Amino acid sequence: DVIGRLDEQGRAPLYQQLRRALRDAIADNRLAAEEALPPERILAEQLGVSRITVRKALDALVSEGMLTRRQGAGTFVAARVEKSFSKLTSFSEDMISRGRKPESAWLSRAAGSANPEESLALGIGPGSPVYRFNRIRFADGEPMALEYSTVPGPCLPSEFAVTESLYDALDIHSSRPVRALQRLRAVLFTGEKAKLLGVAEGAPGLFIERRGFVREGRPVEFTQSYYRGDAYDFVAELNTQG
Ligand code: 16G
């Protein structure tokens, strides 16, 4: 009953209807994060559809990262990542501390010269040397975020200094940020970004822009991150004394 009725006469195939119904149920928290779904056979019986229909809908949601299958245990609503809005951590650390495997795919990794936006954000002259690192970030193979990072040239010996974690590379070269300024805004993923993240056109996202500084106040990072809105909860402790 969490899922409602599927429409046999409907225009969309049944598995598409079921896929949409499940996705809505997860988005509205009628199905909670980490909740187990009934076995496929039971779902099929309850909904009066074939097991193949159920299997197709679940397969699609697994590949979208909305559901996860655990060997021998069944299918679960994927866990959301709880991320502190006030701690300066890296994507890799966030994933490792939750027992998930961070991985990245390079969109590009190159030396260049600072454009006006980067030069303003990093406090360097326009045209100064920079490195750009553009990545898809994965957790256990599931796309979680797109990140576009710019680092001032003097912070790293070359663009190849970054293999997996940007912060590890900056750390090795004594330029890991210890303080950051960050802003966050809601976005909808469309076109290329939706495709790269494997989410539906118009899916919700968080745009997060971070400027990171080393202890002496020198800017070392300007990153624009696009986090999947359905995969994160941002949490913070609030105090009356600012
Ligand atoms: C996080 C940061 C990003 C940083 C990256 C480094 C947010 C919103 N963004 O994704 O600014 O560049 O971590 O991660 O937290 P890495 O060391 O794993 O490459």
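Just a few scattered comments:
- Scope the range 183-221; condition under 13 Å from the mean Cα position of the chain (by Cα) and polar (S, T, N, Q); matching residues: none
- Residues of the range 89-98 that turn out to be crowded, with 16+ Cβ neighbours inside 10 Å and assigned to a loop (DSSP other than H, G, I, E, B), as a count: 1
- Residues in the range 36-83 that are in a loop (DSSP other than H, G, I, E, B), under 16 Å from Glu142 (Cα atoms) and in contact with a helix residue (DSSP H, G or I) (Cβ under 7 Å, 6 or more places away or on another chain): Met66 only.
- Test result for Gly205, closer than 15 Å to Arg228 by Cα, assigned to a strand (DSSP E or B) and in contact (Cβ under 8 Å) with a residue 12 or more places away in the chain: yes
- Tyr131 being of a type in the set (Ser, Thr, Tyr) and assigned to a strand (DSSP E or B): yes
- Residue match in the range 91-112 (condition: among the β-branched types (Val, Ile, Thr) and farther than 27 Å from Val199 by Cβ): no
- Any hit, the range 159-173, residues being buried (at least 21 other Cβ atoms within 10 Å of the Cβ) and assigned to a strand (DSSP E or B): no
- Residue within the range 225-236 that is closer than 19 Å to Phe133 by Cα, within 13 Å of the ligand (Cβ to nearest atom) and among the small types (Gly, Ala, Ser) present: yes
- Identity of the residue in the range 176-212, over 16 Å from Arg23 (Cα atoms) and among the acidic types (Asp, Glu), that ends up nearest to the ligand (Cβ to nearest atom): Glu209
Conditions (1) small (Gly, Ala, Ser); (2) under 30 Å from Leu166 (Cα atoms); (3) modelled with pLDDT of 90 or more, marked per residue:
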position: Val54; (1), (2), (3): no, no, yes
position: Arg69; (1), (2), (3): no, no, no
position: Ala78; (1), (2), (3): yes, yes, no
position: Phe91; (1), (2), (3): no, yes, yes
position: Asp94; (1), (2), (3): no, yes, yes
position: Arg98; (1), (2), (3): no, yes, no
position: Pro102; (1), (2), (3): no, yes, yes
position: Arg109; (1), (2), (3): no, yes, yes
position: Ser113; (1), (2), (3): yes, yes, yes
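- Restricting attention to the range 99-116, the residues that are more than 13 Å from the ligand (Cβ to nearest atom), touching a residue at least 24 places away in the same chain (Cβ under 8 Å) and surrounded by fewer than 17 Cβ atoms within 10 Å (Cβ to Cβ) total 4.
The values are calculated or read from the model by the stated rules, or taken from the named source; none is laboratory data. Note that the structure is a prediction, hence the values are computed from the model and not measured. Note that each Cβ is placed from the backbone with ideal geometry, even for glycine, and that neighbours are counted across all protein chains shown.
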